[in-house]
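Worksheet: one structure, shown below.
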Amino acid sequence: MESGLSDLLSVSIDFGTSHLFFPTLITWIMAVLFVLVVVTQVVPFLAAVRRGERALPILGESMDSLRFFGTLALIVAYFHLMTVVGDMFPYTGYGFLFVSIPFVFLMSLLYLHEWTRKALVIVTLTAFAAPSLAWLILAKLFQITLP
């Protein structure tokens with residue numbers, strides 16, 4: 001009786017595969033949530049489109065090509081340059097900091113509707129403050145390695 005209880009309360013960890021537990025768990029949770037969203041939202045929406053009650057939102061609408069392609073180009077440049085600049089200053093997080101400032105600035109300008117002096121000051125301050133604060137918290141406070 002005693003050995004059966006001790007076997008029940010003992011824990012054996014396989015360190016070769018233990019790091020895969022939570023990613024696998026999260027993957028299954030995300031898959032179940034995806035199926036729930038498709039069943040509860042997408043299927044009824046497509047049924048309403050088929051009946052003619054709704055229209056697909058991407059058909060028949062004009063596209064803001066400058067913002068769409070500008071966003072894609074900035075994101076590609078951001079990730080590429082973060083690696084390039086990060087290799088110049090390894091293990092300091094300066095790649096993140098020095099590339100995030102112009103990225104946030106240019107993305108904000110791309111989506112800015114009215115270019116007033118006040119809006120440009122706010123965009124500039126945000127472009128410096130947000131990445132700097134994130135860099136200080138992540139790289140210095142929590143000592144997380146950034147590119």
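None of the figures in this text is laboratory data; all of them are computed from the coordinates on show. Predicted, not measured: the structure shown is a model, and the values here were computed from it. Note that each Cβ is placed from the backbone with ideal geometry, even for glycine, and that neighbours are counted across all protein chains shown.
Data overview
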| item | result |
| --- | --- |
| Extension gain (nm, one decimal) between residue 46 and residue 89, 0.36 nm per residue minus Cα-Cα | 10.4 nm |
| Taking 101, 122, 26 and counting other C-beta atoms within 10 Å, the order from fewest to most | 26, 122, 101 |
| Gain in span if fully extended, residue 137 to residue 22, counting 0.36 nm per residue against the direct Cα distance | 38.9 nm |
| Per-pair calculated FRET efficiency, R0 = 25 Å: residue 69 and residue 129 via Cβ, rounded to 0.05 | 0.35 |
| Estimated 222 nm signal from helices in the chain, with DSSP H stretches of n ≥ 4 weighted -39500 (n - 2.57), rounded to 500 | -21500 deg cm²/dmol |
| Rounded FRET efficiency, nearest 0.05, which uses the C-beta distance separating residue 114 from residue 77 and R0 of 22 Å | 0.30 |
| Listed values (i) 145; (ii) 241; (iii) 100, entry calculated as volume of the Cα convex hull per residue in Å³ | (ii) |
| Ranking of 11, 42, 85 by count of other Cβ atoms within 10 Å, fewest first | 11, 42, 85 |
| The range 37-147 - percent relative contact order, Cα under 8 Å, separation 6 or more | 26 |
